1. Could you work out the relative contact order of the chain? I mean the mean sequence separation of Cα pairs under 8 Å and 6+ apart, divided by the number of residues, in percent.
2. Sort H185, H108 so that the residue with the fewest other Cβ atoms within 10 Å of its own Cβ comes first and the one with the most comes last.
3. What is the pair-distance distribution P(r) of region 1-60, computed from all Cα-Cα distances in 5 Å bins starting at 0, with each bin given as a whole percent?
4. Cross-link partners among aspartates and glutamates for K8, C-alpha distance below 17 Å, same-chain residues fewer than 8 apart left out?
5. Hey, what number do you get for the chain at 222 nm if only DSSP H runs of n ≥ 4 count, each worth -39500 (n - 2.57), divided across all residues, to the nearest 500?
6. Which FRET efficiency, nearest 0.05, do D84 and E118 yield, Cβ-Cβ r, R0 30 Å?
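Throughout, read-outs are computed from the coordinates displayed, never taken from laboratory work. Just so it is clear, the structure is predicted and the values come from calculations on it, not from any experiment. Counting neighbours? That spans all protein chains shown, and the Cβs are built from the backbone with ideal geometry, glycine included.
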Amino acid sequence: MDPLLEVKGLSVRFAGIPALENVSFTIEKEAIIAVIGPNGSGKTTLLKAILGLVPYEGEIRLFARPVRQVLPQVGYVPQRFAFDPSFPLTVEEFINLTCRTPEKLPVHGALDEVGMGEFKGKLIGELSGGQLQRVLLAHALLHRPRILFLDEATSGIDIEGQGDFYSTIQRLNREHGVTVLMVSHEISMVYKFTDRIICLNRDLVSHGETRSALTAEVLRKLYGENADFKAHGHEAVPQRPGAGHGERHG
């Protein structure tokens, strides 16, 4: 069986400076995969290369085809969404205005899927950060994508909101078979909610099942000697330097 996503010898350079060097991996369908690494390690660049948004060397195939041929089967949630919060636009109006294709999941159905059905009449500018990300997730689900790409979608959300968001992603994956590839800084959430992991620091440091590939040694290669596993109850949970409640990331 062909892998859902296959990346071979991927390299990306900006003005001659390497952002990614000879990265290769495969992803099977219906998994939740996290991409982690320090700032500047190439995480967002990897997503942009897969989506064809930056030039690259190497080969990328999604559903055994060039990505540009299967973009309608792809959903994407950005790290940040710039808009005028004073503009009087409701959640339902926002989704309808930005997604005009008739063959799609009903707006109320997509909002219900992410726990935002009761907010369809609320103004976009009045939403919390976590609520806005859920609306963007609902927007990404409208076309019933087979794979979702999330670029630090929980950045700036408090720890409780992060847990709720990851739980929603896990439910979508388990109930609907949506494969999820997410860039994340939240190592403990990654450890708890994902099936597989891709560890980047311009090149591929580690790749595999989360709980076997995300070791203390790998964390130190990514984040330095201060990164380690910390005990949480009866389970050792990996942490990176500076991780803590309510932390915000750019």
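1. Answer for the chain is 23 percent.
2. So the residues, fewest neighbours to most, are H108, H185.
3. Result, from short to long distances: 4, 17, 28, 27, 15, 5, 2, 0 percent.
4. E21, E28, E57, E59, D203
5. -8500 deg cm²/dmol
6. Computed FRET efficiency for D84 and E118 comes out at 0.80.
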